[in-house]
Amino acid sequence: MKFNTSYIIAGSLLVLGAVWFFVNNLGEETPLTVSTPATVKVEARKSIPTVQVRRIAAQEHPNVLELYGQTRAAREVSVKAETPGLVAAIGAVEGARVKKGQTLCRQDMNARQALVDQAKANLRSVETDLNAARVLADKGYQSQTRVTAFEAQLDGARAALKQAEIEADNVNIRAPFNGVWEQQDAEVGDYLSPGMSCGLLVDLSPLEVDVELTEGQLGLVERGTSAEIALATGETVTGEVAFIEAKADPSTRTFRAELHVPNADYELRAGVTATVRLTSGLTLASKVPTNVLSLDDAGNVGLRYVDAADIVRFTPTRTIDEEADGAWVTGLPDGARLITTGQDFVAVGQQVIADETYDDGRTQNVARSGGNPSSQSAGN
């Protein structure tokens, strides 16, 4: 059998190459990578995120309740007719301030003056009869019983006159108190029956503000507590708690509180939205930046901080006051290392590196893991 010469040459070269590679690599050892404890520690530290923290010391601060309510008039009365008759005159224009006793609407007298005149005439007649009976009784021509009967008639005549005068005066529908003639319901020529409205009178002094107190806030407020009230119309006034409801609203479980605001000049209006700040005693609280407040899985508002073992913790808090540069909260442990940068990138229970170099809020809010933001989302 003959073999192709080219095949023999190629096979020989392949064998020689394999022998050469084996000889050149004989005796060489594959290097092994040895991890020292220091290397392991460095690698592990690179995997732990870094957060910036700031120690927060608690201190006494006024307990401020911020409530929302609405202003309302101290009194509103629909001024009504007491006697039937046509409206003859209107005594005030809408929006005018009126005094107690001022005539707001006047009805036509009709026959009322005639009734007064008749009662006066009857009174004079009875007085004449009584005088004559007394003279005759003194002379013995008239019994004392007759005199007593005329005295009784005189009392009746006086009462009838008084009744006629009151009925005649009822045509003048007067203001029961000082206030603003807010709404005119009747016009000249309208017929008013007893109980029909002539108009609405509103008393704005003092102005009242209604707010709702929760069950937890109820014990912090009492009658006489001063409050700062900011109105939606731009005014800021001072008021005082005048009344707290004894029974909670069944639907909201809140208690209505009523504040009084001096308003002698009637410049403040009813129906305006009001923000009420009530200060009640001192509370141990911590001042924190408002941007570090967060929510846990249950929806509770609180703060993330680092404990002594550099583990992330969460504590629910309650805000008792807010200022331009932060919020005063309760619930944060005194001296806690609050996470100010990176709280949104670490989870509760996670090990972190706590950097206590305060950056005055200018550093971006990220957690660093080996210089790069951690991809782990916050969890609770």
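Wrap a convex hull around the Cα atoms of segment 163-256, take a quarter of its surface area, and give that in square nanometres. List each step's numbers first, then the result.
Working: hull surface 43.2 nm².
Taking a quarter of the hull surface, the average projection is 10.8 nm².
Need the list of aspartates and glutamates near residue 287 for cross-linking: C-alpha distance under 19 angstrom, and skip anything on the same chain fewer than eight residues off.
Qualifying aspartates and glutamates at Cα under 19 Å: 60, 66, 307, 321, 322, 323, 325, 334, 356, 359, 360.
For segment 72-131, calculate the relative contact order in percent as a whole number, restricting contacts to Cα pairs under 8 Å that are 6 or more residues apart. Provide the component values of the computation, followed by the final result.
Numbers: 27 pairs, mean separation 16.8, N = 60.
Worked out over segment 72-131, it gives 28 percent.
Which net charge results when you count Lys and Arg as +1 and Asp and Glu as -1 among the other residues whose beta-carbon is under 12 Å from that of residue 148?
Numbers: positive: 134, 146; negative: 151, 155.
Counting the neighbours of residue 148, the net charge comes to 0.
Out of the GluC sites (Glu not before Pro) in segment 82-139, which ones are loop residues according to DSSP with at most 12 other C-beta atoms within 10 Å?
Working: sites: 82, 94, 127; in loops: 82, 94.
For GluC sites (Glu not before Pro) across segment 82-139 that sit outside H, G, I, E and B with at most 12 neighbouring Cβ atoms in 10 Å, the list reads 94.
Within a Cβ distance under 15 Å of residue 318, other residues only, what is the Lys/Arg minus Asp/Glu net charge?
-4
So how far apart, in nm, are the two label points at residue 242 and residue 318 if each is 7 Å from Cα heading toward Cβ?
Rounded to a tenth, the inter-label distance reads 2.9 nm.
Please tell me which of these pairs span more than 32 angstrom C-alpha to C-alpha: 80/162; 99/247; 100/120; 80/120? Numbers along the way, then the final one.
Numbers: 80/162 22 Å; 99/247 36 Å; 100/120 30 Å; 80/120 29 Å.
In this structure, 99/247 exceed 32 Å between Cα atoms.
How high is the relative contact order of segment 91-218, given as a whole-number percent (alpha carbon pairs under 8 Å, six or more residues apart)?
Details: 144 pairs, mean separation 47.0, N = 128.
Relative contact order comes out at 37 percent.
Kirkwood Rh, Cα Rg: Rg to Rh for segment 48-162? Numbers along the way, then the final one.
Working: Rg = 35.7 Å, Rh = 22.3 Å.
Rg/Rh for segment 48-162 comes to 1.60.
What part of the accessible area of segment 56-163, given as a whole %, is carbon or sulfur when the probe is 1.4 angstrom? Working shown, then result.
Values: 3220 of 6600 Å².
Ligands and nucleic acids excluded, carbon and sulfur give 49 percent.
Only Lys, Arg, Asp and Glu count, each charged at its Cβ (+1, +1, -1, -1), so figure out the dipole size of segment 94-173 about its Cα centre, rounded to 20 debye.
Values: 12 positive and 11 negative charges, 48 e Å.
Here the size comes out at about 220 debye.
Any idea which of 147, 189, 111 is furthest toward the positive side of the dipole for segment 87-190, if Lys and Arg beta-carbons carry +1 and Asp and Glu beta-carbons -1?
About the Cα centre, the residue reaching furthest to the positive side is 147.
With point charges of +1 on the Cβ of Lys and Arg and -1 on the Cβ of Asp and Glu, referenced to the Cα centre of segment 281-363, which listed residue (300, 311, 335) lies farthest in the positive direction of the dipole?
Of the candidates, 300 comes out farthest on the positive side.
Leaving ligands, DNA and RNA out of it, work out the accessible area of residue 215 with a 1.4 Å probe and give it in Å² to the nearest 10.
Estimated to the nearest 10 Å², residue 215 gives 120 Å².
Relative contact order (percent) for segment 197-241, with alpha-carbon contacts under 8 angstrom and 6 or more residues of separation? Kindly include the intermediate steps, with their values, before the conclusion.
Working: 26 pairs, mean separation 12.0, N = 45.
Contact order relative to length: 27 percent.
Sum up the charges of everything whose Cβ sits under 12 Å from the Cβ of residue 216, counting Lys and Arg as +1 and Asp and Glu as -1, but leave residue 216 out. Intermediate results must be reported in sequence, preceding the final value.
Numbers: positive: 253, 318; negative: 215.
With Lys, Arg at +1 and Asp, Glu at -1, the neighbours total +1.
The values are calculated or read from the model by the stated rules, or taken from the named source; none is laboratory data. Computed from a predicted model, the values in this text were never measured in an experiment. Note: ideal-geometry Cβ built from the backbone for every residue, glycine included; neighbour counts use all protein chains shown. Side chains are part of the model used for accessible areas, which takes the heavy atoms of the whole protein and leaves out ligands, DNA and RNA. Shrake-Rupley method; radii C 1.70, N 1.55, O 1.52, S 1.80 Å.
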